[in-house]
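First up is the structure itself, then whatever we jot down about it.
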């Protein structure tokens, strides 16, 4: 017989830590680099991120609060998604620090940058995959009563993609070879995608 922990989010979860982001997990990380309209670099991770469409490829991340990344994406119409890997986990975490507006997180985290081909925003050197994106929509989320929430979804079309060729075998991208990291729940949980966790299923029909 299952014992259920039941709660209504508006009334609180009654646990030591909100379970929501531990349940919807692990979540891919949107490590987003942007450039301000005055040329200042910005780099920040977003755990509310995903791929939403194939053709054209659309990715999106959600900004909790009107942060620099949101302002830059709105002002320039561009951003770059950089794959966060185990080798750069500490640097990625360093870029999540709350710093004064205009501070360069590349410098803060000791990260080198690479120029992009189609957008002005830089790429993270050492990240094995980057998507150069053109903003397609910025949507402020609303609650069920219609009130505006302090969350903004930023969607972008990946117009140029860079992949380290070492991650491709016989024309197939090898997901675990990049050692991507994923956000779990709690205050500090992350996961690494490993070959040991791989299983395969083909669609029926």
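The values are calculated or read from the model by the stated rules, or taken from the named source; none is laboratory data. These figures come from a predicted structure and were not determined experimentally. Backbone-built Cβ (ideal geometry, glycine too); neighbour counts: all protein chains shown.
Among the listed residues 42, 72, which satisfies the condition of being part of a strand (DSSP E or B), within 27 Å of residue 115 (Cβ to Cβ) and either at pLDDT 95 or above or in contact with a helix residue (DSSP H, G or I) (Cβ under 8 Å, 6 or more places away or on another chain) (or both)? Don't jump to the end; show me each part of the working.
Details: 72 fails: part of a strand (DSSP E or B).
Answer to the selection: 42.
Contact annotation: residue pairs with Cβ atoms under 6 Å, 6 or more positions apart or on different chains, pairing a residue in the stretch 13-40 that is without any contact (Cβ under 8 Å) to a residue 24 or more places away in the chain with a partner that is surrounded by 12 or more Cβ atoms within 10 Å (Cβ to Cβ), are 13/7; 14/7.
Give the number of residues within the stretch 75-109 that are assigned to a strand (DSSP E or B) and over 13 Å from residue 136 (Cα atoms).
Just the residues of the stretch 75-109 that are assigned to a strand (DSSP E or B), to begin with: 78-82, 85.
If we keep only those that are over 13 Å from residue 136 (Cα atoms) as well, we get 80-82, 85.
Qualifying residue count for the region: 4.
Of all residues in the stretch 73-90, those that are under 16 Å from the mean Cα position of the chain (by Cα) and in contact (Cβ under 8 Å) with a residue 24 or more places away in the chain total 12.
Take the residues of the stretch 167-194 that are under 24 Å from the mean Cα position of the chain (by Cα) and surrounded by fewer than 10 Cβ atoms within 10 Å (Cβ to Cβ): which is modelled with the highest pLDDT? Before the answer, list the steps.
First pass over the stretch 167-194, keeping only residues under 24 Å from the mean Cα position of the chain (by Cα): 167-168, 172-194.
Those still in the list that are surrounded by fewer than 10 Cβ atoms within 10 Å (Cβ to Cβ) too: 172, 187-188.
Working: 172: 96, 187: 85, 188: 92.
Applying the filter and picking the extreme gives 172.
Given the residues 126, 60, which is the only one that is within 17 Å of the chain's Cα centre (by Cα), in contact (Cβ under 8 Å) with a residue 24 or more places away in the chain, on the phi > 0 side of the Ramachandran plot and surrounded by 14 or more Cβ atoms within 10 Å (Cβ to Cβ)? Talk me through it step by step, then tell me what you get.
Details: 60 fails: on the phi > 0 side of the Ramachandran plot.
None of the other options fit; the residue is 126.
For (1) under 21 Å from residue 191 (Cα atoms); (2) touching a helix residue (DSSP H, G or I) at 6+ places or on another chain (Cβ under 9 Å), each residue gets a yes or a no:
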{"site": "47", "(1), (2)": "yes, yes"}
{"site": "81", "(1), (2)": "yes, no"}
{"site": "90", "(1), (2)": "yes, no"}
{"site": "95", "(1), (2)": "yes, yes"}
{"site": "99", "(1), (2)": "no, yes"}
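Within the stretch 163-196, the set of residues being without any contact (Cβ under 8 Å) to a residue 40 or more places away in the chain and either closer than 18 Å to residue 54 by Cβ or in a strand (DSSP E or B) (or both) comprises 163, 168, 169, 171, 172, 173, 175.
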